[in-house]
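Presented below is the structure to which this report refers.
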Amino acid sequence: MSTIPVLTIDGPSGSGKGTVSRAVADRLGWHYLDSGALYRSVGLAASWAGVDFSDHASLVRCAFDTKVRFDTSGDDEPRVIVNGVDATDELRTETAGAAASAIAVISEVRAALLDKQRAFRRRPGLVADGRDMGTVIFPDAEFKVFLTASAQERAERRYNQLKAKGLAVKMDSLLREILARDARDAQRAVAPLRPAADAITVDSTGMPVEQVIDRVLSLVQTKRGR
Ligand code: C5P
């Protein structure tokens, strides 16, 4: 078993996992894994290649072959380079999210991404953000958080995020998409979205992001100090 510490932050879409995980990784000086970006990248690469989403064998090949690189050299959020192309903006769209969620139900796709995700566990530590980080990918993680918020608030956060990026979105369709994606992620047979038995649930409804970051950091610090 690895002795490199891992903090897993799982939760539904729009729960603020990305922002919180990045900030916590930054404060701890740890690496960061955005596992959703891997699923989104595979979905996007499959669309670019014109793969039919009912053709599971081709999707699995895509999961093995798609090269994803996180470029953290800039001051902003990391750029995500998919097969040599900067796909950061395209990856954030709901279309990419829906493609990711569609391929994520295929167990061989998940298996293809297993080692790629575990390779992010490097010293001095890792913050891993996703749906099954605490249950499947890093079951032995020292720290596990399940981050959630009401569906309405998650839709509002996503709406503001996308709007700030200049993307045209409608609140009601966003809420519908979020609920549909939650249901699919929670009901799928492989690695469904659920808190690990040993995870601490943080409900961030009505909480400013700074407060959520402090709460997660204090969970890590309290446990480390013991
Ligand atoms: O977290 P994000 O919204 O970027 O994830 C996009 C989709 O990828 C999720 O809705 C989910 O279906 C899938 N996913 C997953 N397991 C992960 C991360 C993401 O199934 N660890």
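Here's a check for you: in the stretch 187-226, which residue that is of a type in the set (Ser, Thr, Tyr) and free of Cβ contacts under 8 Å to residues at least 12 places away in the same chain is nearest to Val145 (Cα to Cα)?
Within the stretch 187-226, the match that is nearest to Val145 (Cα to Cα) is Ser218.
What's the total number of residues in the stretch 89-101 that are modelled with pLDDT of 90 or more, under 14 Å from the mean Cα position of the chain (by Cα) and under 15 Å from Leu162 (Cα atoms)?
Number satisfying all stated conditions: 2.
Could you tell me which of the residues Ala155, Ala99, Ala141, Ala87 is away from the ligand (no atom under 11 Å from the Cβ), of a type in the set (Gly, Ala, Ser), farther than 27 Å from Pro208 by Cβ and surrounded by 15 or more Cβ atoms within 10 Å (Cβ to Cβ)?
Result of the check over Ala155, Ala99, Ala141, Ala87: Ala87.
Output the residue which, of all residues in the stretch 53-84 that are of a type in the set (Phe, Trp, Tyr) and over 17 Å from Tyr32 (Cα atoms), is nearest to the ligand (Cβ to nearest atom).
Looking at the filtered set, the residue picked out is Phe53.
Just checking, how many residues over the stretch 174-186 are more than 14 Å from the ligand (Cβ to nearest atom) and either surrounded by 15 or more Cβ atoms within 10 Å (Cβ to Cβ) or under 18 Å from Thr19 (Cβ atoms) (or both)?
Qualifying residue count, the stretch 174-186: 1.
Residues Val60, Val24: which one is in contact with a strand residue (DSSP E or B) (Cβ under 6 Å, 6 or more places away or on another chain) and either part of a strand (DSSP E or B) or crowded, with 19+ Cβ neighbours inside 10 Å (or both)?
Of Val60, Val24, the one residue that is in contact with a strand residue (DSSP E or B) (Cβ under 6 Å, 6 or more places away or on another chain) and either part of a strand (DSSP E or B) or crowded, with 19+ Cβ neighbours inside 10 Å (or both) is Val24.
So which of Val109, Val105 is within 23 Å of Gln187 (Cα to Cα) and outside any helix (DSSP H, G or I)? Steps first, answer last, please.
On the way: Val109 fails: outside any helix (DSSP H, G or I).
Residue meeting the stated conditions: Val105.
Which pairs have Cβ atoms under 8 Å, sit 6 or more apart or on different chains, and link a residue in the stretch 45-70 that is within 27 Å of His31 (Cβ to Cβ) to one that is acidic (Asp, Glu) and buried (at least 18 other Cβ atoms within 10 Å of the Cβ)?
Phe70/Asp34
Would you point out the residue of the stretch 187-208, among those that are closer than 23 Å to Ile106 by Cβ and exposed (fewer than 12 other Cβ atoms within 10 Å of the Cβ), that is modelled with the lowest pLDDT?
Ala189
Please go through the stretch 44-57 and give me each residue that is more than 18 Å from Gly97 (Cβ to Cβ), among the small types (Gly, Ala, Ser) and surrounded by 13 or more Cβ atoms within 10 Å (Cβ to Cβ), ordered by number. Steps first, please.
Taking the stretch 44-57 first, the residues more than 18 Å from Gly97 (Cβ to Cβ) are 49-50, 52, 54-57.
Now narrow it down to the ones that are among the small types (Gly, Ala, Ser): 49-50, 54, 57.
Once the filter is applied, which keeps residues that are more than 18 Å from Gly97 (Cβ to Cβ), among the small types (Gly, Ala, Ser) and surrounded by 13 or more Cβ atoms within 10 Å (Cβ to Cβ), the stretch 44-57 yields only Ala49.
Out of the stretch 186-204, which residues are in contact with a Ser or Thr (Cβ under 7 Å, 6 or more places away or on another chain) and closer than 20 Å to Arg215 by Cα?
If the condition is that a residue be in contact with a Ser or Thr (Cβ under 7 Å, 6 or more places away or on another chain) and closer than 20 Å to Arg215 by Cα, then Pro195, Ala196, Thr201, Asp203, Ser204 are the ones that fit.
Return the residues of the stretch 72-84 that are of a type in the set (S, T, N, Q) and surrounded by 14 or more Cβ atoms within 10 Å (Cβ to Cβ); say none if nothing qualifies.
Within the stretch 72-84, just Asn83 meets the criteria.
Please verify whether Ala104 is under 25 Å from Ala183 (Cα atoms), within 14 Å of the ligand (Cβ to nearest atom), crowded, with 22+ Cβ neighbours inside 10 Å and at pLDDT below 95, treating the condition exactly as stated.
Yes, satisfied.
Kindly provide the set of residues from the stretch 182-214 that are within 28 Å of Ile103 (Cβ to Cβ) and part of a loop (DSSP other than H, G, I, E, B), ordered by number.
Once the filter is applied, which keeps residues that are within 28 Å of Ile103 (Cβ to Cβ) and part of a loop (DSSP other than H, G, I, E, B), the stretch 182-214 yields Arg188, Ala189, Val190, Ala191, Pro192, Leu193, Arg194, Pro195, Ala196, Ala197, Ala199, Ser204.
If I ask for residues that are of a type outside the set (A, V, I, L, M) and touching a Ser or Thr at 6+ places or on another chain (Cβ under 6 Å), which ones from the stretch 40-73 would you list?
Going through the stretch 40-73, the residues of a type outside the set (A, V, I, L, M) turn out to be 40-41, 43, 47-48, 50, 52-56, 58, 61-62, 64-67, 69-73.
The answer is Ser41, Thr66.
The values are calculated or read from the model by the stated rules, or taken from the named source; none is laboratory data. Only a predicted model underlies this, so the values are computations on that prediction, with no experimental measurement involved. FYI the Cβ positions are ideal-geometry reconstructions off the backbone, even for glycines, and counts take in every protein chain you see.
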